[in-house]
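Reading through the structure tokens given below for one structure.
Only the coordinates and a few stated rules stand behind these numbers; no lab work does. Quick caveat: nothing in here was measured; it's all calculated off a predicted structure. Here Cβ is always computed from backbone atoms with ideal geometry, including for glycine, and neighbour counts include all displayed protein chains.
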Amino acid sequence: MTAETSTWATKKGLAQMLKGGVIMDVVTPEHARIAEDAGACAVMALERVPSDIRAAGGVARMSDPAMIEAIMAAVSIPVMAKARIGHFVEAQVLEALGVDYIDESEVLTPADEINHIDKHAFKVPFVCGCRNLGEALRRINEGAAMIRTKGEAGTGDIVEAVRHIRTLMSEIRRLASMREDELFVAAKEMEAPYDLVKQVAAEGRLPVVNFVAGGIAIPADAALAMQLGAEGVFVGSGIFKSENPAKTAEAIVQATLHFDNPKIIAEVSKGLGSPMRGIAAATIPEAERLAVRGW
Amino acid sequence: MRIGVLALHGAVIEHIQTLRSIGVEPVPVRLPEDLEGISGLILPGGESTTMRKLVARWNLREPIMALARSGAPILGTCAGMIIVAREIAGGEEPVFPILDVTVERNAFGRQLDSFEMDLAMPILGDRPVHAIFIRAPIIERLGPGVEVLARLPDQRVVAVRQRNVIAISFHPELAGETRIHRLVATMAAEYAEPREGTAAAGAEPWSLGEAL
């Protein structure tokens, strides 16, 4: 009877414990406490929220370890932090800090345009973004223990998040309806490992938890993501770029819980003040889109 | 017979599926009215701070305390163990103080210290239970009348029972383990329809001490 740490069950299991909840981007310990008080089930520690990263331009990298540690010390809920796509040394640093989850994120400037991080090589679990089922299964094959659909981060526009969760869910339904002898070609077409394709077809769901991210700004956005099949939501700029972050955060938590109860969503949406101003995703030039990063 | 699963957030669907697999009708509980007609309640894993907040927001504290007081079985796993404890190390206010223990949150450390192992749990029979611990709590202090159901090899207590309340640090619902849910279902059946010659549900005088 010996104990084994960092097993697949414990990595995937932490994401299972977060389901139905809201993971909030925070840039200071004070933000982290506001998020925790509002009912966040985890926080994402980063130096700037995505809308500020977008505004600042330049290269976006892993956050200052001192800032991440200060956030870890400020709250008792799990703390996640972002590494650049393919930057396995940033991931090693985050693991050394003892963060609870690493987000290999397209919000930061990619470090490798061919390879993602070999996430099996780490003891800390990873969450990765996807726009469709093939991308999700490639990430899971590399060791991701949680998936989030990408949306378009830092916009406050839900349209890309809707596109990605709808695509993912409809591709899962399509696989589940196929004959077994059709799955080989399905795997080839979606550029995903056959074994995972077969598993999704059999179970009718991803092998790991999936949250929606990228563009959630008001409680109804979170409920929309949940009704479309999300198991929880990430909210980045939507909280701390709103007029009243504490109230907005709390309202988004309640709307995620009662996502199928429009009366409650109406109630919690009252009097929140202005949401983040946002930027229509359709007006963003291709070269400035974050969701297309990842391969 | 129907057993509720507190569905505020966390490992809700896993408990629902486990209950279904043993032929029990699960009821997700998000609002007080969802508690009507259930014969037991499972408090799942998740973040106890989040659940604490949501329990208060949706006025679930009093009706769940009343359900526990009436003798219905209550099973808390991981965060569920924290929220049934009468005392939380570090001084956080209890949520449902129905189990006379002190729990320590995140007792093993952060996610990197999450682990799994087989443990003896005699109440379930000879076959060990496969226990998955995720940022798990432990029981630091046992009150009188609290029975230990499982310990780690270093003797720390990770599963207990006090009358109708069972609390465990780990996650049977992630391991395909159904025996704990069967035990709860048996207790719930007894609560719903007491056998002849046993005390009627709620008839037994209840004493949970000054915490109530």
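List of remarks:
- The residues packed around residue B:118, meaning those with a beta-carbon under 14 Å from its beta-carbon, carry a net charge of -1 if Lys and Arg are +1 and Asp and Glu are -1.
- Average Cα contact separation per residue, the stretch B:2-192, under 8 Å, 6 or more apart, as relative contact order %: 21 percent
- Test item: Cα-centred dipole of the protein assembly as shown, Lys/Arg +1 and Asp/Glu -1 on Cβ, debye: 440 debye
- A Gaussian network model of chain A, with springs between Cα atoms under 10 Å, assigns the largest mean-square fluctuation among A:13, A:273, A:58 to A:58.
- With the helix formula -39500 (n - 2.57) applied to DSSP H stretches of n ≥ 4, chain B reaches a computed 222 nm mean residue ellipticity of -6500 deg cm²/dmol.
- In plain terms, the residue of A:208, A:253 with the fewest other Cβ atoms within 10 Å comes first and the most crowded comes last, giving A:208, A:253.
- A simple count of charges around residue B:44, restricted to other residues whose Cβ falls under 13 Å of its Cβ and scoring Lys, Arg +1 and Asp, Glu -1, yields -1.
- By other beta-carbon atoms within 10 Å, ranking B:96, A:122 with the fewest at the front produces A:122, B:96.
- Farthest toward positive dipole pole in chain A [+1 Lys/Arg, -1 Asp/Glu at C-beta], among A:86, A:31, A:219: A:219
- Residue mean of other protein chain beta carbons inside 10 Å, B:113-123: 4
- Listed by chain and number, the lysines whose C-alpha is less than 17 Å from the C-alpha of residue A:82, apart from same-chain residues fewer than 8 away, are A:11, A:119, A:123, A:150.
- Most mobile of A:279, A:114, A:172 in a GNM of chain A (Cα contacts under 10 Å): A:114
- Net dipole in debye of the stretch B:2-192 [+1 Lys, Arg Cβ; -1 Asp, Glu Cβ; about Cα centre; nearest 20]: 140 debye
- Across peptide A:99-106, the mean count of Cβ atoms from other chains lying within 10 Å of each residue's own Cβ comes to 1.
- Gap separating the Cα centres of the stretch B:39-72 and the stretch A:88-110, nearest whole Å: 36 Å
- Set of lysines near residue A:263 by C-alpha distance (under 23 Å), chain-local residues within fewer than 8 positions excluded: A:19, A:247, B:53
- Residue exposure sequence - A:174, B:135 - by fewest surrounding Cβ within 10 Å: A:174, B:135
- The protein assembly as shown: antiparallel DSSP beta bridges as a percent of all, rounded to 5: 30 percent
- Counted charge near residue B:185, where neighbours are those whose Cβ lies closer than 12 Å (Asp, Glu -1; Lys, Arg +1): +2
- Relative contact order, percent, the stretch A:1-76 [alpha-carbon distance under 8 Å, six or more residues apart]: 30 percent
- Highest-fluctuation residue, B:167, B:159, B:107 considered, GNM on chain B with Cα pairs under 10 Å: B:107
- Within the stretch B:2-192, DSSP assigns beta bridges of which about 50% are antiparallel (rounded to the nearest 5).
- Average other protein chain Cβ within 10 Å of Cβ, residues B:51-57: 4
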